[in-house]
Amino acid sequence: MKVKRYKKVNKNLRFFINNFGFRQPYQILVDGTFCYCALNNKVNIADNVPRYLQGEIKLITTQCAIIEMENLGPKLHGALLILKQYAVHKCGHEGKPIAGSKCFLNMLGKSNENHYILATQDRDLQEKAREIVGVPLLYLHMKTPVLEKPSEASSKASMDRLSALGASETKALEELKSKQGLEEEKMKKKKKIKGPNPLSCKKKKKKTVTNNPINKKEGQPEQDKKKRKRIKLPKHVRQALLENKPN
Ligand SMILES: [Zn+2]
């Protein structure tokens with residue numbers, strides 16, 4: 001199998017494993033159309049499907065599907081023999097068989113609780129099964145099995161579930177944030193009581209550089225010194241200065 005196909009089936013299968021709880025052995029609900037197509041294309045379902053899904057499988061059908069094939073005549077005898085090899089799950093129509101496709105839709109129910117993978121070539125049944133949430137569709141494209149990508153109904157259900165999860169997570173996160181916010185405010189208040197923050201401290205220091213009385217005192221002695229120096233001018237110099245002063 002090509003790597004690209006391998007990745008694709010992995011992705012599609014993982015969707016159903018993660019969102020709808022599918023587990024090995026995967027239960028493949030097979031109808032006559034799938035067996036007929038497999039026989040025509042010489043595909044061995046029991047060999048190819050598990051290899052394609054890379055997991056163990058259990059092939060399942062119902063009494064209604066078998067009876068329908070029987071009623072379609074000898075042309076479908078080979079396909080009927082294949083279908084008859086599979087495990088027959090009770091469908092509730094024992095004694096009063098209904099059309100295979102209706103029986104299968106009944107088996108899938110509203111949400112495919114039994115985690116069936118539906119294996120059919122019946123376009124009408126495929127269409128109806130896509131409306132049911134959590135139904136993987138398996139069909140044959142010539143010789144190749146294909147697990148269809150999740151239907152819109154299944155994708156939407158998973159998105160809704162995710163957004164519901166997201167909403168609850170967002171709520172929890174907001175609660176946590178508001179709690180943290182309260183804690184932070186408490187911390188700030190505590191800090192304010194303890195003392196100013198380092199930034200305001202720096203500013204105050206800067207202010208004190210210019211207005212600090214200590215510095216004033218330091219400045220004043222300098223002025224005093226100068227005055228004293230003047231006072232200490234030699235007498236003759238002072239005299240000279242005074243004499244030179246214009247009147
Ligand atoms: Zn049935």
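The values are calculated or read from the model by the stated rules, or taken from the named source; none is laboratory data. Just so we're clear, the structure is a prediction, and the values are computed from it rather than from any experiment. As a convention, Cβ positions derive from the backbone with ideal geometry for all residues, glycine included, and neighbour counts pool all protein chains shown. These accessible areas exclude ligands, DNA and RNA; they are computed on the full protein's heavy atoms, side chains included. Shrake-Rupley method; radii C 1.70, N 1.55, O 1.52, S 1.80 Å.
Below, the figures for the structure above:
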{"quantity": "Residue tally, condition of a type in the set (S, T, N, Q), open to solvent by less than 70 Å² (accessible area, probe 1.4 Å) and either within 14 Å of the ligand (Cβ to nearest atom) or over 17 Å from Lys58 (Cα atoms) (or both), over the stretch 87-124", "calculated": "3"}
{"quantity": "Any pair with Cβ under 6 angstrom, 6 or more apart, that starts in the stretch 83-102 at a residue that is modelled with pLDDT of 95 or more and ends at one that is within 9 Å of the ligand (Cβ to nearest atom) and open to solvent by 40 Å² or more (accessible area, probe 1.4 Å)", "calculated": "Val88/Gln63; Pro97/Ile67"}
{"quantity": "Flag if Leu29 is open to solvent by less than 40 Å² (accessible area, probe 1.4 Å) and within 23 Å of Ser151 (Cβ to Cβ)", "calculated": "yes"}
{"quantity": "Of all residues making up the stretch 73-86, the number that are surrounded by 11 or more Cβ atoms within 10 Å (Cβ to Cβ), away from the ligand (no atom under 16 Å from the Cβ) and of a type outside the set (A, V, I, L, M, F, W, C)", "calculated": "3"}
{"quantity": "Counted residues, the stretch 139-154 - those being more than 20 Å from Leu53 (Cβ to Cβ) and surrounded by 12 or more Cβ atoms within 10 Å (Cβ to Cβ)", "calculated": "1"}
{"quantity": "Residues of the stretch 12-24 that turn out to be part of a loop (DSSP other than H, G, I, E, B) and surrounded by fewer than 16 Cβ atoms within 10 Å (Cβ to Cβ), as a count", "calculated": "3"}
{"quantity": "Test: Lys202 is at pLDDT below 75 and farther than 30 Å from Thr33 by Cα", "calculated": "yes"}
{"quantity": "Among the candidates Val49, Val9, residue that is modelled with pLDDT under 95 and either open to solvent by less than 10 Å² (accessible area, probe 1.4 Å) or not assigned by TED's automatic domain parsing to the domain that holds Val146 (or both)", "calculated": "Val9"}
{"quantity": "Residues (polar (S, T, N, Q) and open to solvent by 100 Å² or more (accessible area, probe 1.4 Å)) located in the stretch 155-188", "calculated": "Gln180"}
